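Novice: Just dropping this structure here.
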Amino acid sequence: MNELPPRFIFNDIEPNWCSLWENTNIFHGSANPAKKPYSIVIPPPNVTGILHMGHALNNTLQDIIIRYKRMQGHETCWMPGTDHAGIATQNVVERQLAQEGKTRYDIGREEMLARLWKWKEEYGGTIINQLKKLGSSCDWARTRFTMDDDYSDAVKEVFVRLYEKGLIYRGRYIINWCPRCQTALSDEEAEHREQQGALYYIRYPLKNDAGQYVIVATTRPETMLGDTAVAVHPEDPRYQHLIGQTITLPIIKRDIPVVADAFVDPAFGTGAVKVTPAHDPNDFEIGTRHKLAFVNIMHADAVLNEAAGDFSGLDRFEAREAIIETLKELKLLEKVEPHTHAVGHCYRCHTVVEPYLSQQWFVKMKPLAEPAVQAVREGKIKFTPERWTKVYLNWMENIRDWCISRQIWWGHRIPVWYCQDCEEGQNIIVSKTTPASCPRCQSSRLIQDEDVLDTWFSSWLWPFATFGWPRQGETTDDQINEVNNDLSFFYPTKALFTASEIIFFWVARMIMAGLEFMGEIPFSDVYIHGTVRDAQGRKMSKSLGNAIDPLEIIKEYGADALRFSLIINSGQDLYISKEKFEIGRNFANKIWNACRLVLLNIPPEKRDPEFFQTLEKEQMDLPSRWILSRFYTTLSHVSQAIETYRFSEAENLIYEFFWKNYCDWYLEINKANFNNAGISSIIFFILEQSIHLIHPFMPFVTEEIWDQIKRNPKPLSVQAWPGHGPQWEDQKAEDDMQLLIDLITDIRNVRAQWRIKPQQEIDCFLSSQDETQTALLQDNASLLKTSLKIRNLQIAESLPKNEGNSTGVVKNVTFAIPLGNIIDVHEEQLRLQKQHAEIEKLILNLTKRLQNDSFIQKAPADVVEKEKNRLQELENKQQDIKKLLASLG
RNA sequence: GGGCGCAUAGCUCAGCCGGUUAGAGUGCUGCCCUCACAUGGCAGAGGUCGAAGGUUCGAGUCCUUCUGUGCCCACCA
């Protein structure tokens, strides 16, 4: 045991535990009717992902609770895996291609998919390995990918079922289009950011009234090339005469009508709106209502097309400039006002998205949302913190249809075929497998839809597709049976941990899918943790260069340090700088060194954590009764905190107990008492139990210590959580010990004040009017003597005459330290006077309160009682201080 | 434009149901390299709990308004 180093060498130790845990498969869970299930599913990181602080926080939280539940004897399963991340992954491989000077169209779909899979095989495991380094106790053997064969099967099954139910439809609508990725995006995938733009006021001349014009205002003047009407509010008095008139659209010279539509807000701009049905969602509505023409002026890459006349070939932003110039020349630009507005950006490549008219597949959301709203309203699913409930409900109640088709190649291809020999609109075949012929006309000229599904259309099945759905019940072979058991055993899962940004993308949709396909909620608790930011409050990002790499922290401070530090700061959003991780590093080191002290002083044959339990509690000394009480109250508070998802509080309790109680007091007091069988039994017991308590938070250092202790061949990860010990909880012991601690602290203060050398011994007189207190002091005389380096300790009814004593009062105990001529009487007086004044103030306030009839009548009796006792105590103390002052002369 | 947070020691934050003298970490000051740990020990200084009202016997804690700050949602072109 002598080779235990004085530092916790995490770099050597952590990888060993990672591989041992994984190789022994101890985190594997399977249907086990003898135990209660506890399951969570990981929010699958993108295969393109590399571990950032958000992942580290998210996964540490999950690991804490799953380790805790595992130790409590649940059959646990933490399902790991990755998400194929359609657009993100395709972008990565497209960038590789670009270096070869190629695009995906150059190499074709098949070759591109081959490259994508190759990339996935090569790099897709990166983040999983990084999660392992964190200590995540996932059921690694189960690791799933959202494009695994059976997972794809689930996705197709879902598409077919929804289609057959009439909840999936195809249609031409305005969607968010990313001109760079050249695909449709859902509303959630368009991130709106405030931007400084301009509002352009343009004159639109009336056709039959030379010189007259209407002024319209727009932020995107280039879209005027696609205008097919001008709209005004039907009751706007300014424009009554215009309704039904014709306008000649400048530049393009198209005749367009003025229509009346209640959508128009008369207060905004000029109250007249240009209508571009093919390039704006509202205009699309107006266009539909008034049967206007839909003129698309852009190619898929946002370059203007032939419909733009002279401007065709220009990019949309170039066209904007050109149009403005032209309008100026034509004297049709009335004015330009600065205008800030929210502009949508692609959440993957940050290009400004274009509202674009195209044919896409949609999911009708209202019918799915209703039960999902219900489940949350009825409290079947609870959000923590609770306030996110409202955010969820608000979104769900205003939910819009979900555009699920993407014009990319990496993903689940839409299971739809079009018959070339059937009429448009009647030619759709939806099928899980490739159909041989058209069921209507038997033609075999079928073409599969080119598009793939939104990545989230597979992610939303994660809680049950990962457990084998939908093969459940389809066959009876043994392997499938096991799958079936897993699904019914582990579904629904218990808790979901994620960040607030993901509520709409994923959480809400999983709830809908769970209810729709499993008939049951996917999880009962949703824990929303804070965002990790840098010290200035900015989001951590690679482009800002302010990111702290969790892997760097693991290398420098250890995974335990990373985990502990993140969690202790996780009460709200986290503002992280490197120094924040020192607390975890220092604590891990402290635990390690406490272990060294204990192991170096108690040889293996003498390690007996059961021995003390054969002793009568009354025979134990105060510090022992105190530390046992502290341990068991801490244990129950920590358990409670974890159960209610108050993780930072749990860590605070542990930190306080282990460091401040166990190390600073119990071990310090008993350093010389290792040969006492009772004491060393307790020292060992508390150490051993503490590492159980700490293990979910800091698995590596505790596992290593457990290994050093060698009490049981199985890893600490699968040991039992400590049982409760109400018989050891002892408030009296805690109070008594606190008195001694306060007394010792005060006397040390005196030593420090008068510059008494640490090694110098002193004499000390103690006195108390209270018999039980006197007894307490006498019983613990040796503790006081060693803690304070006291040569002669005298406990008497009164203090000796003051001849150069420094004195003080703690509760009802007075003390005097004879120091002779080093005492400056004046300073000593000042110190006591200051104390006296403080107490005077307290007494005054308290007396006032106790004299208030309302307080006596209305406050609870125990509060009044407490206050009375406190007043009594303060008055005694004041008397004591007066005496001490008098003795100074 | 709506909605939601946050504001407590120099800094970062705890403070659950309103009830003793508001806590911790870090930083700062002083003393200690005492044979587990200087990533340590002991002791200390430091707060009118953002502002103003209100409810209450009693408010950091509940209510209202305001100020500052952060986030989310939204089809005012």
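Novice: Among (1) within 9 Å of RNA strand B (Cβ to nearest atom); (2) out of contact with any strand residue (DSSP E or B) (no Cβ under 7 Å at 6 or more places or on another chain), there is one condition A:L844 misses while meeting the rest; what is its number?
Specialist: Failing condition for A:L844: (1).
Novice: Still on this model: With respect to A:I654, determine if the residue is modelled with pLDDT under 95, β-branched (V, I, T), over 15 Å from A:G725 (Cα atoms) and buried (at least 18 other Cβ atoms within 10 Å of the Cβ).
Specialist: It is false that A:I654 is modelled with pLDDT under 95, β-branched (V, I, T), over 15 Å from A:G725 (Cα atoms) and buried (at least 18 other Cβ atoms within 10 Å of the Cβ).
Novice: May I pose another question? Which pairs have Cβ atoms under 6 Å, sit 6 or more apart or on different chains, and link a residue in the range A:215-233 that is closer than 14 Å to A:D265 by Cβ and open to solvent by less than 10 Å² (accessible area, probe 1.4 Å) to one that is within 8 Å of RNA strand B (Cβ to nearest atom) and of a type in the set (K, R)?
Specialist: A:V216/A:K274
Novice: Mind checking which residues of the range A:234-260 are without any contact (Cβ under 8 Å) to a residue 12 or more places away in the chain and among the basic types (K, R)?
Specialist: A:K253
Novice: Against the condition acidic (D, E) and in a loop (DSSP other than H, G, I, E, B), how does A:D283 come out, does it pass?
Specialist: When the stated conditions are applied, A:D283 does not pass them.
Novice: State which residue is farthest from A:T466 (Cα to Cα) when the search covers only the range A:143-171 and only residues that are buried (at least 19 other Cβ atoms within 10 Å of the Cβ) and basic (K, R).
Specialist: The qualifying residue farthest from A:T466 (Cα to Cα) is A:K156.
Novice: Please go through the range A:371-425 and give me each residue that is part of a loop (DSSP other than H, G, I, E, B), open to solvent by 80 Å² or more (accessible area, probe 1.4 Å) and in contact with a strand residue (DSSP E or B) (Cβ under 8 Å, 6 or more places away or on another chain), ordered by number.
Specialist: A:Q420
Novice: Can I ask one more? Quick one: count up the residues across the range A:274-297 that are free of Cβ contacts under 8 Å to residues at least 60 places away in the same chain and either more than 16 Å from A:L225 (Cβ to Cβ) or more than 10 Å from RNA strand B (Cβ to nearest atom) (or both).
Specialist: Residues that pass the stated criteria total 7.
Novice: A follow-up question, please. In the range A:198-207, how many are open to solvent by 20 Å² or more (accessible area, probe 1.4 Å), farther than 12 Å from A:L333 by Cβ and not basic (K, R)?
Specialist: Of the residues in the range A:198-207, 1 are open to solvent by 20 Å² or more (accessible area, probe 1.4 Å), farther than 12 Å from A:L333 by Cβ and not basic (K, R).
Novice: Taking only the range A:696-710 into account, find how many residues are open to solvent by 10 Å² or more (accessible area, probe 1.4 Å) and hydroxyl-bearing (S, T, Y).
Specialist: Going through the range A:696-710 one residue at a time, the tally reaches 0.
Novice: Within the range A:775-785, is there a residue that is outside any loop (DSSP other than H, G, I, E, B) and within 48 Å of the chain's Cα centre (by Cα)?
Specialist: Scanning the range A:775-785 turns up at least one residue that is outside any loop (DSSP other than H, G, I, E, B) and within 48 Å of the chain's Cα centre (by Cα).
Novice: For the range A:800-889, give me every one of the helices (runs of 4 or more DSSP H) that falls completely inside it and has 2 or more residues that are under 25 Å from A:E771 (Cβ atoms) and without any contact (Cβ under 8 Å) to a residue 12 or more places away in the chain. Outline the logic, then answer.
Specialist: On the way: elements: A:825-851, A:853-858, A:861-887.
The helices (runs of 4 or more DSSP H) meeting that bar are A:861-887.
Novice: Kindly indicate whether any position in the range A:105-121 is touching an Asp or Glu at 6+ places or on another chain (Cβ under 7 Å) and crowded, with 17+ Cβ neighbours inside 10 Å.
Specialist: Checked the range A:105-121: no residue is touching an Asp or Glu at 6+ places or on another chain (Cβ under 7 Å) and crowded, with 17+ Cβ neighbours inside 10 Å.
Novice: Still on this structure: Could you check the range A:451-470 and list, in sequence order, the residues that are part of a helix (DSSP H, G or I) and open to solvent by 10 Å² or more (accessible area, probe 1.4 Å)?
Specialist: Once the filter is applied, which keeps residues that are part of a helix (DSSP H, G or I) and open to solvent by 10 Å² or more (accessible area, probe 1.4 Å), the range A:451-470 yields only A:W456.
Novice: Next up: Condition first: open to solvent by 50 Å² or more (accessible area, probe 1.4 Å), within 15 Å of RNA strand B (Cβ to nearest atom), assigned to a helix (DSSP H, G or I) and free of Cβ contacts under 8 Å to residues at least 24 places away in the same chain. Now tell me which residues in the range A:594-647 satisfy that.
Specialist: Once the filter is applied, which keeps residues that are open to solvent by 50 Å² or more (accessible area, probe 1.4 Å), within 15 Å of RNA strand B (Cβ to nearest atom), assigned to a helix (DSSP H, G or I) and free of Cβ contacts under 8 Å to residues at least 24 places away in the same chain, the range A:594-647 yields A:H637, A:Q640, A:E643.
Novice: Within the range A:570-591, can one find any residue that is open to solvent by 10 Å² or more (accessible area, probe 1.4 Å), away from RNA strand B (no atom under 11 Å from the Cβ) and either closer than 17 Å to A:H55 by Cβ or without any contact (Cβ under 8 Å) to a residue 60 or more places away in the chain (or both)?
Specialist: Yes, that holds for at least one residue.
Novice: Shifting gears a bit: So A:R289 clears everything in (1) open to solvent by less than 10 Å² (accessible area, probe 1.4 Å); (2) on the phi < 0 side of the Ramachandran plot except one condition, right? Which one?
Specialist: Failing condition for A:R289: (1).
The values are calculated or read from the model by the stated rules, or taken from the named source; none is laboratory data. Please read all numbers here as calculations on a predicted model, not as lab measurements. Ideal geometry is used to build each Cβ from the backbone, glycine not excepted, and the neighbour counts take in all protein chains shown. We work out accessible area using only protein heavy atoms, side chains counted, and drop any ligands, DNA or RNA first. Shrake-Rupley method; radii C 1.70, N 1.55, O 1.52, S 1.80 Å.
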